[in-house]
1. What does the accessible area of F134 come to, in Å² to the nearest 10, when a probe of 1.4 Å is used?
2. When a/c is below 1.5 the answer is rounded, else prolate if a/b is larger than b/c, else oblate, so apply that to region 18-90 with a ≥ b ≥ c taken from the square roots of the Cα gyration tensor eigenvalues.
3. Measure nothing fancy, just the Cα-based angle from helix 140-152's long axis to the longest principal axis of the chain, in degrees from 0 to 90, nearest 10.
4. Considering the chain as a Gaussian network with a 10 Å cut-off on Cα pairs, which listed residue, A148, A76, A122, attains the greatest mean-square fluctuation?
5. In deg cm²/dmol, rounded to 500, what helix-only [θ] at 222 nm does the chain give when every DSSP H run of at least 4 residues adds -39500 (n - 2.57) and the total is split over its residues?
6. Let me make sure I get this right: for region 79-184, a, b and c are the square roots of the gyration tensor eigenvalues over alpha carbons, sorted descending. Under 1.5 in a/c it's rounded, otherwise prolate if a/b > b/c, else oblate. Which is it?
7. Amide H neighbours of L128 under 5 Å, counting only residues 5+ apart in sequence or on other chains, H built in-plane at 1.01 Å?
8. Report the FRET efficiency, 1/(1 + (r/R0)^6), for K183 and K124, where r is their Cβ-Cβ distance and R0 is 41 Å, rounded to 0.05.
Amino acid sequence: PAIFALSVALSNVLFSMGLRPDMVAGHSLGEYSALVAGGALDFEAGVSLVAARAACMQYACEQKTGSMSAILGLDAETVETLCREMAGVVDVANFNSPEQTVISGEPEAVGRAGEEAKKCGARKAVSLTVSGAFHSRLMEPAAERYAAFVNSIDIGRPTARFYPNVSAERTDETAQIQANLLKQ
């Protein structure tokens, strides 16, 4: 909630200077402040969603231990193939750049995928200091619990073009925004 509040406060500073966004997007948690900045959510609804999201993600982390690693210097397609072929649960979590893809899943599978990525030419696999396997299949228990919260909040049509991080395709439909929040 603190990161969300700070992001919204920074947007409000820009608004007080007469600036308004033509488009908004955010990465993971940042998508919520983007929805506020884009006029689709009010601050209170955003805080409620962010707090519920955190609680649901914590629940999922307690169900199954997970980890994440950044794969550097290997194209995303190769990383995706490695994840599909790896025993255990390991998924591509984030496409950060053409040269950096984050993987997420069971610690052993993530570790093996990182080693295989290095054998395929990755410069390195950097273990991330996180408490769970975020943006992976291991977060499905979180999404299941979170659906009730997302569906109970009034999300309006954004006044700025909104690009969710799940698809990176513009949407202003409330139902699609809600579905994307659950997918991420």
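1. Spelled out: F134, probe radius 1.4 Å, area about 40 Å².
2. Values: a/c = 4.04, a/b = 1.55, b/c = 2.60.
Oblate is the answer for region 18-90, as a/c is 1.5 or above yet b/c matches or exceeds a/b.
3. It works out to around 10 degrees.
4. Looking only at A148, A76, A122, the largest GNM fluctuation is found for A148.
5. Result for the chain: -15500 deg cm²/dmol, rounded to the nearest 500.
6. Prolate.
7. Placed amide hydrogens put M68, S69, A70 under 5 Å from L128.
8. Details: r = 29 Å, r/R0 = 0.71.
Once rounded, the FRET efficiency stands at 0.90.
The values are calculated or read from the model by the stated rules, or taken from the named source; none is laboratory data. These numbers were taken from a predicted model, which means no experiment stands behind them. Cβ atoms come from the backbone with ideal geometry, glycine included; neighbour counts cover every protein chain shown. With ligands, DNA and RNA removed, areas are computed over all heavy atoms of the protein, side chains included. Shrake-Rupley method; radii C 1.70, N 1.55, O 1.52, S 1.80 Å.
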